[in-house]
């Protein structure tokens, strides 16, 4: 069985060093071809697996689940309600690397500032792009509204989600970012790009907003929309929480994986794919 957490042929150039890229490019196609079960985390990864040579009968759409108890969410703290004239609290949580698109988010932040939208952006995480991103913040005069928090223990993430009005996921490539599920479980709307599995996770207009990948303008417009419509943002957060706790519960996802594994064993036993 093969679980696809990414596809080298779907990653932006420079995601990995040359040796690791060389390795992945050579092992990925035969891995797809010979697997008895390919677990695709999203429809996008399902398509990538089939395009990479996986046999259709072996590919199963099986997303990861969410365990909200791991986030230590405070049941007595409701979504940080947006009020008129409040600064929009934006959160990014993830690796500071090329494929995560934090540079696009900073460009969107610069647009928001020029348009007079009040906001505070917290960037949680570490990675190879941190120095370049900090330089970008300085160049664009964003030092008063952007803060780099660094790496945060998982048990503290829940409090950060619950203190935010919106979580932003501007990835260039992302099979099924856990941060989307975590934000939804915390009742926070998500603004994400249309890359990878993100559109599968976010119901556009219902649990968040999906915008064009690598478009700072589209990202800024989506964030501005939530800043100007707090009731809509609150409704999206509530709908996202229901979706995360039902459709992405580990009980549901785990049972689907169990069924897929037994089906793969039966195919192997009966020689159905020989």
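The values are calculated or read from the model by the stated rules, or taken from the named source; none is laboratory data. Treat the numbers as computed from the prediction; the structure is a model and nothing was measured. All Cβ positions, even for glycine, are placed from backbone atoms using ideal geometry, and neighbour counts span all protein chains on display.
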Subset of the stretch 247-274, residues closer than 16 Å to residue 67 by Cα and either under 18 Å from the mean Cα position of the chain (by Cα) or not in a helix (DSSP H, G or I) (or both), comes to 247, 248, 249, 250, 253
Is it the case that residue 180 is within 14 Å of the chain's Cα centre (by Cα) and modelled with pLDDT of 95 or more?
-> yes
Would a scan of the stretch 189-202 turn up a residue that is surrounded by fewer than 20 Cβ atoms within 10 Å (Cβ to Cβ), in contact with a helix residue (DSSP H, G or I) (Cβ under 6 Å, 6 or more places away or on another chain) and assigned by TED's automatic domain parsing to the domain that holds residue 233?
-> yes
Could you identify the single residue in 20, 2, 37 that is surrounded by 13 or more Cβ atoms within 10 Å (Cβ to Cβ) and modelled with pLDDT under 95?
-> 2
Selection within the stretch 197-206 - part of a loop (DSSP other than H, G, I, E, B) and closer than 15 Å to residue 168 by Cα = 197, 202, 203, 205
Considering only strands (runs of 3 or more DSSP E) wholly within the stretch 76-181, the ones with at least 1 residues that are without any contact (Cβ under 8 Å) to a residue 60 or more places away in the chain and under 19 Å from residue 227 (Cα atoms) are 119-124, 146-150
Test residue 139 against the stated conditions and say whether it is modelled with pLDDT under 95 and more than 14 Å from the chain's Cα centre (by Cα).
-> no
